[in-house]
Structure formats: structure tokens, C-alpha cells
Amino acid sequence: MDSVSEQTALVHRSFAYQKCGIWPEARDFVDTVLEMCGICCVFGPESSCLFSKDYVDQNSELSSRGPDISSTSSVLLCDSNYSLQLIGHVLHIRGQPTPQPVTHSNGNKLLWNGEIFGGIEVQSSKCDTDVLLDVLSLHDTQEHILQTMAMIKGPWSFIYWQHSAAKLWFGRDIFGRRSLLWHLPTVREDCFVLTSTQIRPLEFKEIPSIGIYCVDLSSGNMAEEFRIELFPWEDAVWPASMEKVTDNNLPEKIYPDSAYSKSIHLCLHSEIEVISSIPKLNKTITVHDYTTDFAGREVPLDVLKQMLTNELMLSLSKQLISVLEKAVKVRVFNQPDVEENKVQDSVHRRPMLKRLKKTTTNVSIGHSRETSSNYRFPHGVQIAPCCLPDEYTGSYDIGTEREYSSHEEKNISEDFKEKILQNDMEYLLLDNKLTDRSAADSKSLMGADSCLHDTDTILGDAAVAVLFSGGLDSAVIAALVDRCLPADQSIDLINVAFEQLPKQNMPSSKRSVVKNTTEKFDRWNVPDRVTGYSALAELNPNRQWNFVEVNVTAEELKTLRDSRIRHLLYPLQTVLDDSIGCAVWFAARGAGVLGNGSHKGCSYWSNTKASVILCGMGADEQLAGYSRHRSKFMEEGWSGLVDEIEMEVQRISARNLGRDDRIITDHGKESRFPFLDENVVDFLSRLPMNYKANLDFPRGIGEKLLLRMCAVELDMATTAVLPKRAIQFGSRIAKMENRKEKAYNICSRLSAVT
């Protein structure tokens with residue numbers, strides 16, 4: 001921007017849009033600058049090897065996150081023996097490239113790894129990083145910095161050097177959708193390091209997504225106490241424990257090792273909390289019992305269809321489709337409809353901070369959650385209050401009718417449908433009717449692991465890919481992407497399978513079934529491959545879907561885990577992290593075999609253009625999709641389930657998203673999570689639990705009930721009743737390893753990373 005007045009106008013427009021809770025998201029898909037970044041900051045003695053960029057690049061995976069542009073910037077401090085260095089590796093996808101860190105004319109510097117989907121207006125052809133730095137630099141107050149970061153909708157991690165105050169600000173969004181690790185110094189000669197991925201051999205931890213952090217470096221060295229100040233999210237709690245973040249428990253939670261206590265002082269700001277745009281979970285359980293109409297119905301699909309005749313449930317499913325479609329659209333195009341962003345001057349903008357008095361009475365200067373809802377929920381649904389855009393009101397257009405009837409044959413037999421309804425997955429694994437593979441197809445799959453070196457490899461031209469197990473979450477996302485993209489654009493559906501070998505001790509009865517159903521054992525015929533083809537058969541037949549079979553051999557898994565994946569998983573080291581992380585890494589690489597279309601059986605590489613990968617993470621946590629939710633419901637009823645879901649949402653940041661960001665971005669791709677869109681989370685958080693899930697119903701209906709009804713509305717009847725299956729089991733990676741391992745045991749295959 002050319003002047004301070006233009007910068008001020010920009011932020012004022014952003015605030016004005018919020019007067020009615022509307023977040024500006026008008027972005028032009030073609031002209032928008034899109035970049036991803038590996039960011040790093042080092043503060044310490046200049047003699048440290050960490051100030052050598054070559055050393056950092058050689059001992060980390062930072063450069064893989066941004067192989068196109070790499071730059072460094074140093075900051076002069078009062079003490080000449082200490083230095084601050086910022087390193088940025090940028091992957092340039094679209095628009096004019098912007099090296100990082102970006103430096104403002106007043107000396108402020110920004111490292112940004114994120115996407116602004118709303119909250120701050122980013123005009124077409126502008127770069128998120130430049131615009132955010134301009135807005136941050138408008139004022140020097142800590143309130144302005146906190147307010148700006150709290151406004152942002154979308155995934156982010158950031159490092160911001162505030163030159164005038166000599167302060168270093170950093171943090172992650174409330175869901176932890178972008179990775180940021182820290183190395184805390186144990187002695188004064190050590191360095192303080194922030195980075196997207198580990199720099200070996202230093203030990204790192206993931207920065208908790210409980211607020212925004214600040215370090216005052218005005219002294220210029222560590223001779224005095226090194227102080228890290230936390231400005232917490234409102235009502236911040238520690239993941240899993242639900243224990244409120246306080247000044248007393250902050251040090252012991254962050255660094256239980258006493259070695260840090262002599263060199264670091266970590267404290268909670270006592271007067272200011274940062275208000276999150278996510279409301280508290282609605283714990284109301286309504287008295288309306290909509291289950292009585294479905295007693296005695298034994299076929300799951302019939303239950304869902306009958307439930308959709310209920311006006312209330314039909315309306316809620318349409319609203320969820322609408323809000324999810326907008327979340328998918330903004331992640332595919334970076335632009336919802338421009339005309340939706342209308343300013344209503346009669347409503348005041350929402351501050352994002354709460355100032356706390358030191359007495360027992362809190363005085364809020366933040367937005368109130370007691371404003372009336374703009375969602376039009378059906379009569380009888382007791383919702384939690386919120387402030388949200390008007391774009392989610394009124395009637396909902398759930399798309400035009402497809403050109404084929406839901407009763408038509410979609411390359412899937414009635415016998416197969418019936419077996420899915422019976423959850424007879426063991427039989428399905430032996431049934432090759434679904435994929436209709438020939439011997440030649442099987443032969444091509446056997447050589448899939450060498451597809452990158454195949455001269456006949458097809459280089460994909462799809463701009464969007466979906467991690468596609470064929471389960472409920474990924475199938476709904478794929479169907480919504482289809483509604484967003486122009487009809488002539490292809491979409492990659494990436495489906496991963498790990499090599500399975502015939503069981504030597506298989507019972508004779510099963511051996512006879514195998515012998516009668518297939519001439520040759522198919523080592524890639526895993527549950528996710530079966531459900532993947534099932535869901536593909538229910539998607540729009542007029543779209544070019546590229547079903548990419550990613551097939552991973554045991555040898556390839558071991559080699560790449562040892563050489564690369566384990567470094568990306570760090571500091572997470574459990575068996576569960578290993579299984580999920582490896583599966584996602586190979587899927588994100590996108591190297592496999594086309595399983596459909598005119599080039600079926602040809603090697604395919606999705607990595608050439610599909611820079612955005614849509615993932616279904618976040619649905620199970622909000623909609624009671626895990627088996628532990630059913631156990632809690634059986635033990636403690638609705639109140640126990642609601643408490644469990646509240647804890648799930650609170651601990652999302654600590655469970656997997658930082659890991660998935662490190663894994664997926666290693667391939668020069670960006671992970672995006674529609675189910676964790678702020679508007680989607682807001683919508684679901686305010687609905688009573690018994691409209692989102694009802695575990696009185698059996699498995700395959702009760703969990704994620706509302707989403708299953710959405711799938712029926714989207715003409716995905718078979719997918720709608722599939723039970724939950726985790727990726728480590730569906731891809732069969734869990735069966736390749738030590739089967740006696742427990743999910744949360746330390747994985748011996750990862751423990752040697754440091």
C-alpha cells in the first residue's frame with residue numbers, strides 16, 4: 001500500500017465488515033497470490049551454528065516446505081554478542097512471489113505460514129503476508145496486535161518482530177492447523193528457536209495453541225531473565241485435561257523439566273485475554289424425541305430417509321450442507337460470493353479482547369455472545385447464541401439435480417449394497433465385483449511403487465485433491481468440491497493402501513472363499529480401497545474423477561520412514577502418529593496408479609499441479625464419530641457425551657493438525673480442513689448434541705447422524721451408512737507393523753529421530 005491513510009482504510013474496512021459479524025472473504029482465484037512457507041527464528045549468541053542458514057537447511061526439512069524462494073534477515077540488538085535471525089522458505093504457487101520475511105518501512109518483520117480466509121480484507125492480486133504486515137504495523141500497541149491476529153479466519157502460524165518495542169510475537173491459530181515448534185534454552189549460552197520443523201539434533205516441542213506469545217528482547221541478550229509472556233485465548237484450557245490455563249500451572253505444563261527453570265520465566269498476562277471467534281459448546285439436550293418415529297426399522301438407510309421427512313432434521317441437514325459448501329468453496333477458490341459481503345453500519349464491530357480486572361469481577365471489552373443468532377434454526381431447536389454472517393440465513397439451495405436418478409445402477413450391485421448395510425467388510429475384501437479388475441490391472445498395480453520412474457507416467461492437471469478413503473467425511477467433501485468447481489476441471493481422489501501378504505495360517509474355510517473369488521491374491525485390496533470405489537460410484541458421473549491408487553510396499557515404507565517421515569513426525573512419537581503420519585505422507589505425495597477412466601492402470605503423479613489437499617479431519621471430534629464416544633455415552637449418558645465432545649474440540653490442536661501440516665507440506669502442498677472452518681465449527685457448536693449424533697441408534701447411523709443425512713441428501717446412500725474406520729486400519733498400515741503395539745505407546749521406529 002502507498003500510504004498510511006490507505007492502510008488505515010484497509011483495516012477500517014475489515015472492522016466495518018465485522019459490524020454484522022461478516023468476515024470479508026472476497027478473493028479472486030486467478031489473481032490471488034498463494035504461497036506456503038517454512039519459517040524459522042533463532043535468537044542467541046552469534047557464535048552458534050544455528051545462525052548458518054546452510055546448517056539449518058542441512059539439518060531440517062524446512063527447505064522442502066518452500067523450495068522456490070529462500071531468504072534470511074537479521075535484526076541488530078543492543079548487545080552485539082547476541083543476534084536475532086529470521087529465515088523463510090517460500091513455495092510459490094500463484095501470483096507475484098513474495099520472499100519472507102517481509103520487512104515494513106518502519107522495521108517490523110513478518111514470517112507467515114497461513115491463509116487468510118476472512119477477518120482481514122485481502123484484495124485480488126495482493127499477498128496475505130504483505131497485507132497482514134501492513135495491518136499489524138498500523139499501531140504499536142499490544143492490543144492492536146492481539147486484535148488483528150484474533151480477527152483472522154483460517155489456518156496460521158506466525159513470527160512477528162515489532163521493531164519499535166523490540167518484541168518478538170508468535171503463535172498458532174486456536175486449532176493448531178499450522179505447525180510451529182520451539183526449542184527452549186536450558187542455559188544462557190543456548191539459543192531460543194522457533195521453527196516449522198525440527199532442526200537436528202536440538203530437542204523441540206509443539207507450541208501449545210492456547211494463545212499468542214511475546215518475548216521482550218529490548219535488553220538484547222539472555223544475561224537477564226528470559227521472559228515469555230502468554231496472552232491466552234479466552235477460557236483457555238490444557239488439551240485433554242480441561243484444566244484452565246493459569247499462571248501457576250503454565251511453567252509445569254510447558255516445561256516439566258527443571259533444567260529450564262533457571263533460564264526461562266514463562267508467565268500469563270494477568271489483564272488481557274484474546275477472544276476466540278469459536279463459541280462454547282451448546283450443552284443443551286432437548287426434550288424432543290425424534291427417534292420414536294423410527295422404532296422397528298432395521299435397515300440403516302431407511303432410518304435416515306425417514307428421518308429426513310422430519311422438517312426439523314431436513315432443515316438442519318440442508319444448513320450443514322450450505323455452511324460446509326461455503327467452507328469447501330473458500331478453500332478451493334479463496335472466494336465466496338462477493339455480493340454477500342454487505343456492510344450494516346447500524347451494528348457495532350466486535351472487539352476481540354477482554355480486559356480483566358485484578359479483582360474478582362471481569363469487565364469485558366470484547367464481543368458479547370448474547371447477540372441473536374443469524375442462523376434460522378427450525379422451531380424447537382434450542383441453540384447457543386453467537387455472532388455470525390447473514391450469509392447463512394433464509395432458504396438453502398442445495399444444488400441442481402444430477403443427470404441420473406438415485407435409483408439408477410451406478411456400477412455397484414444390489415448384493416454389494418446389502419453387504420455394506422450388513423457391515424460385512426470381511427466379505428467385501430474378497431469380492432472383486434466392485435472394482436472389476438482384470439489380470440492386467442492387477443499386474444499394473446504390482447508395479448505401482450515404481451511409478452515415478454515410469455516413462456508412461458501421467459502428470460496430473462487437477463488443481464484440487466481430496467484425501468479419499470471413501471468414508472463419510474471424505475466422500476461428502478468430494479461431493480461438495482464437485483458442486484464448486486467448473487464442470488471441465490478434474491479432481492484427484494487419492495486413496496492409499498499398504499501392501500498385504502497372504503496369511504499362511506488362514507482357516508481353510510476362508511482359503512476356499514479366496515480361491516473361488518479371485519485367481520490371484522490382490523495385495524492392495526484393503527478396506528479403504530473398497531469403500532473408495534463404492535463412494536466413487538456415487539459421485540457425479542459427468543465429472544472427471546482421477547481415482548489415484550497409492551500403493552505402498554513394506555520396503556518403501558521402511559526406507560522413507562527412516563530417511564524422512566520420522567523427522568517430520570517429530571516431536572510426536574507414538575504408534576498412532578507413526579501409522580497416520582506415514583499414511584498421510586504417501587497419500588499427499590500423490591504417486592500411484594489411475595484406477596478409473598480411459599487411462600486406467602497407468603502410472604499417475606498428482607503432485608504436478610494439485611497444490612491444495614482437502615482433508616476430512618475434524619468431523620469425528622465434533623460429531624461423536626469415535627468408538628470412545630459411544631463408550632462414554634453408554635457409561636454416562638448425554639451429559640458424559642457432551643463433556644467428551646467439548647474436550648475433543650479443545651484438544652484438536654494437540655492431537656494431529658500440526659503433524660499433518662508438516663507431513664503434507666513436505667510435498668509442496670497445503671492441507672485444508674473444511675470441517676474446521678470457523679463458520680462450520682460455530683454452526684455445530686451451537687447445535688444441541690442430540691441433533692448432531694444420537695448413539696441410541698446403532699453403529700453406522702447414530703454417530704455423525706447429521707452428516708449422514710447430508711450424505712443422503714447428496715445422493716450418496718451407500719456411503720451414508722458406512723461405519724467409521726480409522727485410516728490406519730482402512731489402509732492396513734497397522735497390519736504391516738507389530739500388531740501387539742498400543743496406539744499411544746512410544747513407537748520404536750520413530751524414537752531414534754534425535
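The values are calculated or read from the model by the stated rules, or taken from the named source; none is laboratory data. For clarity, every value in this text was computed on a predicted model and none was experimentally measured. All Cβ positions, glycine included, derive from the backbone under ideal geometry; neighbour counts span all protein chains shown. These accessible areas exclude ligands, DNA and RNA; they are computed on the full protein's heavy atoms, side chains included. Shrake-Rupley method; radii C 1.70, N 1.55, O 1.52, S 1.80 Å.
Here are some notes:
- Nearest-0.05 FRET efficiency for residue 71 and residue 47, computed from C-beta distance (R0 22 Å): 0.45
- Rounded if a/c under 1.5, otherwise prolate or oblate - region 553-624, Cα gyration tensor axes: oblate
- Value of relative contact order over region 511-653, rounded to a whole percent, pairs C-alpha under 8 Å and six or more apart: 17
- Legend: calculated FRET efficiency, residue 306 to residue 544, from the Cβ-Cβ distance at R0 = 41 Å, rounded to 0.05, equals 0.70.
- Take residue 558: with every protein chain present and a 1.4 Å probe, its accessible area is about 120 Å².
- Potential lengthening between residue 314 and residue 242 on full extension [0.36 nm per residue; Cα-Cα distance subtracted]: 22.5 nm
- 3J(HN,Hα) along region 241-251, derived from phi through the Karplus expression 6.51 cos²θ - 1.76 cosθ + 1.60 where θ = phi - 60°, amounts to 8, 6, 7, 5, 6, 10, 5, 6, 9, 4, x Hz, with x in place of Gly and Pro.
- Normalised by 2.2 N^0.38 Å, with N the number of residues, the alpha-carbon radius of gyration of region 680-734 equals 1.28.
- Pairs over the 31 Å Cα-Cα cut-off, from the set 205/280; 253/735; 205/558; 305/329; 329/692: 253/735.
- Taking amide hydrogens as placed 1.01 Å from N in the peptide plane, the amide H of residue 604 sits under 5 Å from those of 458, 592, 593, 594, each at least 5 positions away in sequence or on another chain.
- A probe of 1.4 angstrom, applied to the heavy atoms of all protein chains, finds residue 164 with accessible area near 80 square angstrom.
- The packing ranking, built from the mean of other Cβ atoms within 10 Å per residue, places the peptides 668-676, 101-109 in the order 668-676, 101-109, highest first.
- Gain in span if fully extended, residue 270 to residue 501, counting 0.36 nm per residue against the direct Cα distance: 77.3 nm
- Distance in nm between pseudo-label sites at residue 104 and residue 699 (7 Å out along the Cβ direction from Cα): 5.4
- Cβ-derived FRET efficiency at R0 25 Å, residue 743 paired with residue 564, nearest 0.05: 0.65
- ³J(HN,Hα), Karplus 6.51/-1.76/1.60, whole Hz, each residue of region 587-600, x for Gly, Pro: 5, 5, 4, x, 9, x, 10, 5, x, 8, x, 5, 9, 3
- Sites listed here are GluC sites (Glu not before Pro) in region 137-211 whose DSSP assignment is loop and whose Cβ has at most 16 other Cβ atoms within 10 Å: 189, 203.
- Nonlocal amide H pairs with residue 212, under 5 Å, H built at 1.01 Å: 231, 233
- Ordering of 621-627, 115-121, 65-71 by burial proxy (mean other Cβ atoms within 10 Å per residue, highest first): 115-121, 621-627, 65-71
- Length released on extending from residue 81 to residue 488, taking residue separation times 0.36 nm less the Cα-Cα span: 140.6 nm
- Solvent-accessible area of residue 74 with every protein chain in place, 1.4 Å probe, in Å² to the nearest 10: 70
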